[in-house]
Amino acid sequence: MKNINIAVDGPAGAGKSTISRAVAKKLGFIYVDTGAMYRACALYAIENGLEIRYTDAGQRIYLCGRDVSERIREPDVSIGASDIATIPQVRIKLVELQRELARGNNVIMDGRDIGTYVLPDADVKIFLTASVEERARRRFDELKAKAVQTDFEQVRRDMQYRDKNDSEREFAPLRRAEDAVLIDTTELDFDAAVEAVLGAVASSQKRKDMK
Ligand code: DC
């Protein structure tokens, strides 16, 4: 039987990864965090002193044998990932890996271009968003909980930089697929957002069954 693929896209801080992880657990799917792949590439670039803009270079991510799962969430790597994600050669390599994972498994995959480019035939497409204030507040709270030194204004500026960079790049920019269900999580708590995604998955499966 064909595997079921769910695509979840949206800007930074909309809740894609926490919500997708919870939905994956409920459905018994694999959660694929594509942002972590771009983050690992960015960390490699940072640590090797590369000028990332001009190079072609959920898992727990191991880079050269080292577990960098926490390190890749820090602010310098967030910006670096958004920058390195503009390089087509990097994207092409990572998209190959992402498509392979989706071919072999039931997955919920989150990112920026999953519904538009990586898996255009995904069974369900979701576009998760929230206001920039709310997304910055959530990210600030997350960083504070991990004792990462930062201030709210800086987090908001970083978020706006990434929004612009991710949606204005030429190759596979952040965009809502025409057939994606839009879910705005600004006013939703975590459980309500998970329910909204599960509801969208159930109704699109129902539509398919009726065909
Ligand atoms: O989802 P995230 O915040 O962990 O992603 C980090 C950066 O990686 C994001 O700002 C843009 C890039 N990215 C991308 O371009 N395409 C994806 N499918 C996932 C992430």
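Here the calculated FRET efficiency for D141 and L97, from their Cβ-Cβ distance with R0 = 22 Å, stands at 0.10, rounded to the nearest 0.05.
For the stretch 171-211, the spherically averaged projection of the C-alpha convex hull amounts to 4.1 nm².
Which of the GluC sites (Glu not before Pro) across the stretch 109-211 are loop residues per DSSP, with 15 or fewer other Cβ within 10 Å? Working shown, then result.
Values: sites: E133, E134, E142, E153, E168, E170, E178, E187, E195; in loops: E170, E178, E187.
Answer by residue number: E170, E178, E187.
DSSP finds beta bridges in the chain, and of those with both partners inside it, around 10 percent are antiparallel. The label point for E168 and the one for D121, both projected 7 Å from the Cα toward the Cβ, are 3.6 nm apart.
Kindly give the semi-axes, whole Å and largest first, of the ellipsoid equivalent to the chain, taking each as the square root of 5 times a Cα gyration tensor eigenvalue. Walk me through the numbers before you get to the answer.
Values: eigenvalues 143, 84, 50 Å².
In descending order, the three semi-axes are 27, 20, 16 Å.
Beyond a 25 Å Cα-Cα separation, which of these cross-linked pairs lie in this structure: K16/K144; K2/K206; K93/K144? The answer is K93/K144. Modelled this way, with points 7 Å down the Cα-to-C-beta line, the labels at K2 and Q89 are 3.5 nm from one another. Kindly provide the pair-distance distribution of the stretch 108-211 built from C-alpha pairs, with 5 Å bins from 0 and whole-percent values in order of increasing distance. That works out to 2, 11, 17, 20, 19, 15, 9, 4, 2, 1, 0, in percent per bin.
Straight-line cross-link partners of K25 among the aspartates and glutamates, defined as a Cα under 15 Å from its Cα and at least 8 positions apart when in the same chain: D33, D110, D191, E195. With both labels modelled 7 Å from their Cα along Cα-to-Cβ, the E195 to T150 distance reads 3.0 nm.
What's the magnitude of the charge dipole for the stretch 71-211 around its Cα centre, counting Lys and Arg as +1 and Asp and Glu as -1 at the beta-carbon? Answer in Debye, nearest 20.
That gives the stretch 71-211 a dipole magnitude of about 340 debye.
Just so you know, all these numbers are worked out from the coordinates, no wet-lab data involved. Since we're looking at a predicted model, the values are computed, not measured. When we count neighbours, we look across all protein chains shown, and the Cβ atoms used for this are built from the backbone with ideal geometry, even at glycine.
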